[in-house]
Every structure is written in C-alpha cells, then in structure tokens.
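Please see the structure below; I have some questions.
The values are calculated or read from the model by the stated rules, or taken from the named source; none is laboratory data. Quantities reported herein were computed from a predicted structural model and do not represent experimental measurements. Don't worry about glycine lacking a Cβ; one is built from the backbone with ideal geometry, like all the others, and counts go over all protein chains shown.
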Amino acid sequence: MASVTRTVFGALPDGAGTVEKFQLRTGQLRVDVLSWGCTISALEVQDRQGRAADVVLGFAELEGYLQKQPYFGAVVGRVANRIAKGRFELDGKEYQLPINREPNSLHGGFRGFDKVLWSPKVLPNGVQFSRVSADGEEGYPGELKVWVTYTVDGGELTINYRAQTSRPTPVNLTNHSYFNLAGQGSPDVYDHEVTIAADAFLPVDANLIPTGEVAPVQGTAFDLRSPVQLGKRLQELGLPGFDHNFCLDRSGQRRFCARVRHAASGRVLEVSTTQPGVQFYTGNFLDGTLRGKGGSTYPKHSGLCLETQSWPDAVNQPHFPPVVLRPGEEYNHTTWLTFSVA
C-alpha cells in the first residue's frame, strides 16, 4: 500500500507563495517531492541489511533550492539540455532564447520549469503537478499546459510527463536527480557499477553541443552495454566525465534503459523509459561549494544523473528524433525508476 502526506516546506520570498512537500511511501520507498520545480528532495531506499539511506543529492530547506544550484532533483524544461546558441527556426520563423549557459540555452533558460511553483493534486498513490507556461515564456512560442505525475508502487517510482500547446513549440522534459546509491553525502560514485543499453551515443563539441554524428559505442569508452565500474571507466574516458546522450530505440514503448548497482550496499537502480535518449551525467560541474542535507558537501563526481529525454539540440538537427509539439497533439512520456537489492 502507498501513502501520501502533505506538509508545508517553506515560504517563497516577498509573499510569492507557499512550497509544499509531498511524501510518498511504500514498504520499500520514501520519496519527498516539492511543489517548487516538481523537485525530488529526498529518496530513501534500503540496503541488503534493511538499512535505509537517502540516495539523492539536495537540500533540507527551501533556501537551498532558491540559490544558484545545479537543478538538484528538479523537472527541467520547456526544453531540457542544450540548444546551440539559444537559436532555432520553426515553420520559417527564427527564435532567440536567453543564453543562460554561455554560449547556449540550457534547461529552459534563466527561469525554467525548475524555478516556478506548480499546482499540486494529491492522488491515492502519488501527486500530480500542473502549470501553464505562457506564450513567450523564456522565449518559447505557444501557451503550454504541463502535467507531471509522480506515483509509487512497491520499489518503483513512476514519473509521467504530459503537455499540450496552443502553437508549435519544442518540448523536452526530464527529471534532473543526482543519485548516489551509497547514500547522499558519500564522496563519489566511483564504486558504482553502471550499464546503459545503448548501441550509439552523440559526440559533442567543446560547448557540449552534439556534432550531429550518431556514433557507435563499440570499441570506445562509451560502450556501457555490459556493467563497468564507473571510477575505472572515468579514468579511461580522458574527459572531465560523462555528459553525453546515449541513443535508445525510438519505439516510444517502455524499455530497459540503464542499471546502476552499488555492490557494498546491494542497492540497485533500474531505469526504464519511453524516451529516445538518456543523458548520462557524472556531476562534472559539482565543486564542493554547496552544502546539502546533513551538512554534506557535493564535490565533483559525488552523484550521477540518468536524464531520460529526447536528444540535445534536436530542434536544430533534423535527423534527430523530433521534439516539436503541435496543437492537437499531446506530449506524453513516462520513466520508471525501480529500486531493489542484490
């Protein structure tokens, strides 16, 4: 049986509203989700000895989420990931978005979906958040109605994203949780074993924009089809870390995407999705300056992200899976996070 409790998490400055926390519980999971940015602020799972630990990076108080911070646990949009130079053309018209991560637009702009208050609706086994993104918000065309639903069942957290638009617009939504299966506050994820079920990935340029090539993983450090120890693979990679899209099939059906195992605790996370890609990011920009839950600091590589989504900069790359939503259509994608012990 699942249960949902609702409490006040904090007040926004200048009377801008109240942020609530929704705690979703089953016998195997405890998930705390905030109405600010649809943010997963805590996710507690047990190890093989039955000891529970919070396995996502974040903050104990609202002030942490209001400061400059790297999207801990939030839903990002209207378009997740990077759009090159913040520019795209749609139906013969050019659009210029805010440049919030030079020289590109990242995760929806200066005030993306992670930095707004959503309207909640409690469900028997979860919570649904909704909001209307106004026509022209952060430079994007069309009024976009959005629903993000979190539900729990046993050891599984399901996240469903839906959207409808009044005008053609790019849409690409994901959750940006940073996981550390040893428990948040552990110094790194080098002892995590990672598998990603992808035959291809997207090479990127110096600004982390895909070059357009869809490259096979075979024979490269990006071949994660069999389990690899992350610390060892990062040494072989010769880069600051992974921050790349891995290409999944485009069927739109639920299929296995990635698996993370922490041998010492026995905790396992399996990710399934309907999305065509997953951005594997190893917290390369974390630098230890933020103080999180329990006084933890978060240095480089202290968490990893598996952001199920469409491919980065797809609005500018015609051979990538399309991301333009049109009136009368519905954006509808689901990701499943399944926790177990092994």
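List the pairs whose first member sits in the range 65-76 and is on the phi > 0 side of the Ramachandran plot, whose second member is not in a loop (DSSP other than H, G, I, E, B), and whose Cβ atoms are under 7 Å apart, counting only residues at least 6 apart or on separate chains?
Here the result reads TYR71/ASP114; GLY73/ILE40; GLY73/SER41; GLY73/VAL56, each pair linking the range 65-76 to a residue that is not in a loop (DSSP other than H, G, I, E, B).
Determine whether the range 57-67 contains at least one residue that is among the aromatic types (Phe, Trp, Tyr), surrounded by 13 or more Cβ atoms within 10 Å (Cβ to Cβ) and outside any strand (DSSP E or B).
First, pick out the residues of the range 57-67 that are among the aromatic types (Phe, Trp, Tyr): 59, 65.
Keeping just the survivors that are surrounded by 13 or more Cβ atoms within 10 Å (Cβ to Cβ) gives 59, 65.
With outside any strand (DSSP E or B) added as a condition, the list becomes 59, 65.
Yes, the conditions are met somewhere in the range 57-67.
Cβ-Cβ under 8 Å, sequence separation 6+ or interchain: first residue in the range 306-327 and assigned to a loop (DSSP other than H, G, I, E, B), partner modelled with pLDDT under 95. Which pairs?
The qualifying pairs are PRO321/ARG250.
Cβ contacts < 9 Å: first residue touching a residue at least 12 places away in the same chain (Cβ under 8 Å) and on the phi > 0 side of the Ramachandran plot, restricted to the range 154-172; second residue in a loop (DSSP other than H, G, I, E, B) and of a type in the set (A, V, I, L, M), any location; separation 6+ or different chain. Result?
GLY154/ALA2
Looking at this structure, is GLY73 in a loop (DSSP other than H, G, I, E, B), under 19 Å from GLY126 (Cβ atoms) and either touching a His at 6+ places or on another chain (Cβ under 8 Å) or modelled with pLDDT under 95 (or both)? Explain how you work it out, then say what you get.
Details: in a loop (DSSP other than H, G, I, E, B): yes; under 19 Å from GLY126 (Cβ atoms): yes; either touching a His at 6+ places or on another chain (Cβ under 8 Å) or modelled with pLDDT under 95 (or both): yes.
Taking the combined requirement at face value, the residue satisfies it.
Residues to consider are GLY37, GLY17; find the one that is of a type in the set (Gly, Ala, Ser) and crowded, with 17+ Cβ neighbours inside 10 Å. Steps first, please.
Values: GLY17 fails: crowded, with 17+ Cβ neighbours inside 10 Å.
One residue alone meets the criteria, GLY37.
Only residues that are within 27 Å of LEU43 (Cβ to Cβ) and of a type in the set (Phe, Trp, Tyr): list them for the range 75-127, please.
Selection gives PHE113, TRP118.
For the range 201-213, give me each residue that is out of contact with any Ser or Thr (no Cβ under 9 Å at 6 or more places or on another chain), in a loop (DSSP other than H, G, I, E, B) and in contact (Cβ under 8 Å) with a residue 60 or more places away in the chain. Talk me through it step by step, then tell me what you get.
If we filter the range 201-213 for residues that are out of contact with any Ser or Thr (no Cβ under 9 Å at 6 or more places or on another chain), which is where we start, we get 206-213.
Now drop any that are not in a loop (DSSP other than H, G, I, E, B), which leaves 206-209, 211-213.
Result: ASN207, LEU208, ILE209, GLY212.
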